1. Is it the case that Gln83 is out of contact with any Gly (no Cβ under 7 Å at 6 or more places or on another chain) and farther than 23 Å from Thr129 by Cβ?
2. Mind listing just one residue for me: the one in region 9-29 that is part of a strand (DSSP E or B) and buried (at least 17 other Cβ atoms within 10 Å of the Cβ) and, of those, farthest from the chain's Cα centre (by Cα)?
3. Among the residues of region 120-152, write down those that are over 26 Å from Ala53 (Cβ atoms) and open to solvent by 50 Å² or more (accessible area, probe 1.4 Å).
4. Among the residues of region 69-81, is any aliphatic (A, V, I, L, M), open to solvent by less than 40 Å² (accessible area, probe 1.4 Å) and within 12 Å of the chain's Cα centre (by Cα)?
5. Quick check on region 89-114: of everything there that is among the polar types (S, T, N, Q) and open to solvent by 70 Å² or more (accessible area, probe 1.4 Å), which residue is farthest from Gly165 (Cα to Cα)?
6. Can you pull out the residues in region 114-164 that are in contact with a Lys or Arg (Cβ under 8 Å, 6 or more places away or on another chain) and hydrophobic (A, V, I, L, M, F, W, C)?
7. Quick one: in region 34-70, which of the residues that are among the hydrophobic types (A, V, I, L, M, F, W, C) and within 24 Å of Thr97 (Cα to Cα) is modelled with the lowest pLDDT?
8. Check Val6 against each of (1) open to solvent by 60 Å² or more (accessible area, probe 1.4 Å); (2) under 21 Å from Ile92 (Cα atoms); (3) of a type outside the set (Ser, Thr, Tyr) and name the one condition it does not meet.
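The values are calculated or read from the model by the stated rules, or taken from the named source; none is laboratory data. Since the structure is predicted, the reported quantities are computational estimates derived from the model, not experimental observations. Positions of Cβ are backbone-derived with ideal geometry, glycine not excepted, and every protein chain shown enters the neighbour counts. Ligands, DNA and RNA are excluded from the accessible area calculation, which covers all protein heavy atoms including side chains. Shrake-Rupley method; radii C 1.70, N 1.55, O 1.52, S 1.80 Å.
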Amino acid sequence: ALRETVDGYEELWGGSGTIIDPTGLILTNYHVVEEETETESGEVLRWDELGVALTVGTDEPPEPTYFAQVLAQDPLLDLAVIQPYADSEGNIIDPSTLDLPTIPIGDATELVVGQGLDILGYPAIGGETITLSTGRVSGFLSQDGVDERRAWVKTDATAAPGNSGGAA
């Protein structure tokens, strides 16, 4: 989430996301793209643009590549889908020409307790490069208002702020 400044943009907050379609559809958490957030001091921050930075190498920080728009969001499920609409210079792009690498969406009903689980993202504890955390599925949680018994997957893998929206 970016705020426009005299010199360009400054990052207000960030998270991770997973490209799920070659046209740049990115699955993330709702709280990552929520229009405003309140800091611990009570200041309300609102973003002007959503920036997308892509991982080009596991030993390099992600490169700012696109501006994106929110296509779908669900605060109850804490999910959102965003899609690039412009390059990092602000030039409008046609998403159908992107052909980005993707990760397929899995099916949580196929998970079993004890199964291995990998989490990819940019947690605050991991520095500026992508971080892989591994663990196991340790259980499931339900949630009021969600029909599925597996609204949440519990894990013993380390997940920290910034991992939100990343691939698991």
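1. So Gln83 does not fit the description; no.
2. Tyr9
3. Across region 120-152, the qualifying residues are Arg136, Ser138, Phe140, Leu141, Ser142, Asp144, Gly145, Asp147, Glu148, Arg149, Arg150, Trp152.
4. The answer is yes, given that some residue of region 69-81 is aliphatic (A, V, I, L, M), open to solvent by less than 40 Å² (accessible area, probe 1.4 Å) and within 12 Å of the chain's Cα centre (by Cα).
5. The qualifying residue farthest from Gly165 (Cα to Cα) is Asn91.
6. Those that are in contact with a Lys or Arg (Cβ under 8 Å, 6 or more places away or on another chain) and hydrophobic (A, V, I, L, M, F, W, C): Leu117, Val137, Phe140, Leu141, Ala157.
7. Val56
8. (2)
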